[in-house]
Amino acid sequence: MFAMLNGQHLAAQQVTTPAPVADTRDLPTRDLPEDPGTARYPVAQPVPVKDDPADIVLGDYDTLSGGGNHWVADGRVTAKYRGHTVQADHIEYDRDTGDVTATGHLVETSSVNMEHILASHGTMNVKTETGRFYDVTGSVGVRPAPPGKTGSQRMVYANDNPFLFTGKLVVKTGPETYDIYEGTVTSCQLPHPDWLLSSAKFHVEDDEARAKNSIFHLMNIPVLYLPYVTHPLNADSRESGILIPEVGINSASKGNTVGEQVYWAINRSTDVTAGAIYYSARGYEESGTLRYRGLGSDLLKAHFSALQDRGYTPPGGTYINQSGQDVTFLGRRDFLTQGETETATQTTIQTDPTKAAIQPVPAVQTRAVADLEYLSSFPYREAFSTNFNQAVSSDVVSTIFGTHEWDGFAASVEGDRYQGEKRVQSVNATTGVVTPEQQVHIFHAPALEFTTDDHTLGSTGLEWNLDSSATGLKRAQPNFVTSGIMERLDIRPELAYPLRLDGWHIRSSVAVRDTFYSRSRIPANEVVSPVPVESTNSLNRADFETQVEFRPPVLERTFDSGFMKRLLKHDVKHTIEPEVTYRYVSGIGNFQHVLRFDTVDVMSDTNEVEYGATQRLYLRRKESQPCRAPGTGADANEMFAAAGSPADDTEVNGTDPNAKVCGNREWISWRLTQKAFIDPSFGGAIVDGRRNIFDTTLSFSGIAFLTEPRQITPLVSRLLIRTSEKTDVEWDFDYDAGAKKFTANNIYMDVHEGPAFAGFSYARLTAPGRSYSDGILSADSNFSQMRVLGGYGKPTKAGLSMAASAAIDLNLGTVQYGAVQASYNWNCCGLSIEYTKFELGTARNDGGYKFNFTLANIGTAGNLRRAVQLF
């Protein structure tokens, strides 16, 4: 498009690429692009240029006169040369010069670049592939849809940037170069395009149309003068340039915004976008993004943003400055990928079909991955992020690692950094005293790891695996910093014996673990302090572990008659999948001496039993619905079909591999689990009145804090109901029977019917508060929040679409986040407008309007990005 608009498609607003059905009504003016015609295009391959060009191949005609090197044809004449087709009422051809003169309803097409030109008359040269056309309507990159799909009269885009033009005179100076005089260009294939550019002259070359002193028309109204303009012809080539300015309306705390960005298409794999936004009440925010996509999974994406905040003083408050920087980097490089070697396997199968289940040799893979983020200030992200989930996030995690995998083994080197906000910045409304934020930082620098999958031990039936690591660790938080890098060496070999007998699955395992720390911690029960106290003494922690997993046969019953069949109009299958796991860990008598960095350090003695069951209900489709081929659905569904009764007059036999699956779906799944602790004090690791975190509770439930010895965990329930193909309901809760309360209670609902959709979620959390460890005056962390979403339409829908979303704090009765968005799509342009509202305590209380205006296949103006769309 024009110089301000020829960058990548940045906007959230989208429009469809199929062109609308051609309008065959008479056009009121010749200045607008027309439907290039309903004639079907040839599918011929380009003919290579020869030293002696082949003559024109003459097709339909009524009369033919002349001869030798010059002939004249009349009627509806068709002539072809080098992938070009010319149709006209009158055609003259001179073999010596290669000149062709065509008059009367001239139609010229080319299969090379999908060129299609309609003109009153014109001249061409078959040797140089040049020509002059008069009173032209044409297109490049537009072809008819295949018959039988959308109809031969419906035109579709051959690429993402169809190029349509009109002109009083079009001079073709080469096979794919044109000069268009007193013409227009657009991407809208309509008699009345939504937008177009007009100019005295357009020059088309190198997949681009260029013009000076052009006018941009919207809905046939001239709205913008452009001293220089470009329009791309090829979707594969991106153009560098200045993007359309960004304008926004915000609350008084930020002021209104104006911004600009520059786009640089370095090559087909790499581009850069850089720009700045000015907040009239706060200051400048700069941003830049680098993107690269290589072969396979190779990629790189880096983003930088920074705010120079002048600060503000809220009514009745104190001065606040929220300057900050946020830098992210994501990259992956696969150095070697050796595909599975199947030759030996195939040879074995051919010689012995009973060994068809032999697995191919695993692939060898080596890759490096970096996912990094640097955030200088949580208040900056909280106040200026346009994404609600990111604004309220209190964690920043950076990881970089390289790994080599082969034959079920993996060796890795890793480094990571965790940054967490432990206490947010607050302002005392009475005294005006500002309490700064507090953060905790944890580093692994570096970590060397060697792990294995389960490997068989000869012909014994035993399996072995190994987890091991050597790590450098550092932790920093208010009032505590480890002295330099602390070393940790951890190794855990395991030996297991899996047993399968008459539907029973039993896996018994034993393991030993030894962990060495170069420094340790003075026990928390010996120090009256909310923070750890480091000791220079080294520490060795060793344990013995054993575990037995029992999975009895799945209990199942099919209800294909009686009350259930009459009630639900379906066959119903009910399955029960019980499981029991016993786990014993002993030898960790020094739990309170271990400094905490990650899950390795919260291992404790335990003697426990985990038990639970998963129930599922499957529905077979109604008999009027067709069966489907085997192997196209979930295993459980196919198992049900094989065991069920016939439907659609199709015999279903579980022993027949070709039996048809008559359609069924999982209706309800409900999992209930719980743990009982035979050793409620975890080998003396529990400290009363403080938050205790153990590996055994952390891996079981999101509520992992214990404040006293426990004999039983809360009951964990996960219920999912797929009431129909258009509705899902999920209810997840943890219920503490001793305290007679829900420690966690979450409900999710999703409904979609045609273009309409709605969502609802409720989340309640009750957990031990920070008073147990940080001296904060709150016995419990009590959250009660609700989110709602509803709308009609989608970004690609023609016409009007609307959506609204809100996140509500039920304890405070406030809307933490709310957004309302409306969009309207014409045939090849669209407009979206959104109002958002953030209310996040003293850190942020603002609202603002965002918009974008999209031109199909060209670009977008505005500040509403795809990442924050509601649709």
**Prompt:** Of the residues that make up the stretch 296-304, is at least one within 30 Å of F202 (Cα to Cα) and either in contact with a Cys (Cβ under 9 Å, 6 or more places away or on another chain) or open to solvent by less than 30 Å² (accessible area, probe 1.4 Å) (or both)?
**Reply:** no
**Message:** Return the residues of the stretch 117-132 that are farther than 15 Å from P175 by Cβ and buried (at least 23 other Cβ atoms within 10 Å of the Cβ); say none if nothing qualifies.
**Reply:** A119, G122
**Asked** Given the conditions (1) modelled with pLDDT under 95; (2) more than 20 Å from T451 (Cα to Cα), and given that A363 satisfies all but one, which numbered condition is not satisfied?
**Response** (2)
**Item:** Residue that is modelled with the highest pLDDT [pool: residues in the stretch 477-520 that are open to solvent by 50 Å² or more (accessible area, probe 1.4 Å) and outside any strand (DSSP E or B)]
**Value:** I485
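Would you point out the residue of the stretch 797-828, among those that are in contact (Cβ under 8 Å) with a residue 24 or more places away in the chain and not in a strand (DSSP E or B), that is surrounded by the fewest Cβ atoms within 10 Å (Cβ to Cβ)?
N811
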**Request:** Could you list, in sequence order, all residues of the stretch 663-712 that are open to solvent by less than 60 Å² (accessible area, probe 1.4 Å), assigned to a strand (DSSP E or B) and more than 22 Å from Y611 (Cα to Cα)?
**Result:** N664, E666, W667, N692
**Complete:** Selection from the stretch 829-847 of residues without any contact (Cβ under 8 Å) to a residue 60 or more places away in the chain and within 23 Å of S323 (Cβ to Cβ) yields E839
**Request:** Considering every residue within the stretch 411-428, establish whether at least one is open to solvent by less than 30 Å² (accessible area, probe 1.4 Å), touching a Leu at 6+ places or on another chain (Cβ under 7 Å) and at pLDDT 85 or above.
**Result:** yes
**Item:** Counted residues, the stretch 741-761 - those being among the polar types (S, T, N, Q) and free of Cβ contacts under 8 Å to residues at least 24 places away in the same chain
**Value:** 2
**Request:** Output the residues belonging to the stretch 643-662 that are modelled with pLDDT under 50 and open to solvent by less than 40 Å² (accessible area, probe 1.4 Å).
**Result:** G644, S645, A647, T650, V652, A659, V661
**Prompt:** Going through the stretch 215-272 one residue at a time, which ones are open to solvent by 30 Å² or more (accessible area, probe 1.4 Å), at positive phi and not hydrophobic (A, V, I, L, M, F, W, C)?
**Reply:** N220
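What are the residues in the stretch 126-139 that are part of a strand (DSSP E or B) and over 14 Å from T177 (Cα atoms), if any?
First pass over the stretch 126-139, keeping only residues part of a strand (DSSP E or B): 130-139.
Those that are part of a strand (DSSP E or B) and over 14 Å from T177 (Cα atoms): Y134, D135, V136, T137.
Out of the residues in the stretch 181-214 meeting the condition of being of a type in the set (A, V, I, L, M) and crowded, with 19+ Cβ neighbours inside 10 Å, tell me which one is nearest to N113 (Cα to Cα).
As a first pass, look at the stretch 181-214 and keep what is of a type in the set (A, V, I, L, M): 185, 190, 196-197, 200, 204, 209, 211.
Narrowing further to those that are crowded, with 19+ Cβ neighbours inside 10 Å: 185, 190, 196-197, 204, 209, 211.
Details: V185: 17, L190: 20, L196: 22, L197: 22, V204: 13, A209: 15, A211: 21 Å.
Selected residue: V204.
The values are calculated or read from the model by the stated rules, or taken from the named source; none is laboratory data. Because the structure is predicted, anything quoted here is derived from the model rather than measured. Using ideal geometry, Cβ is built from the backbone for each residue, glycine included, and neighbour counts are taken over all protein chains shown. The protein model used for the area step is the full one, side chains on, heavy atoms only, and it has no ligands, DNA or RNA in it. Shrake-Rupley method; radii C 1.70, N 1.55, O 1.52, S 1.80 Å.
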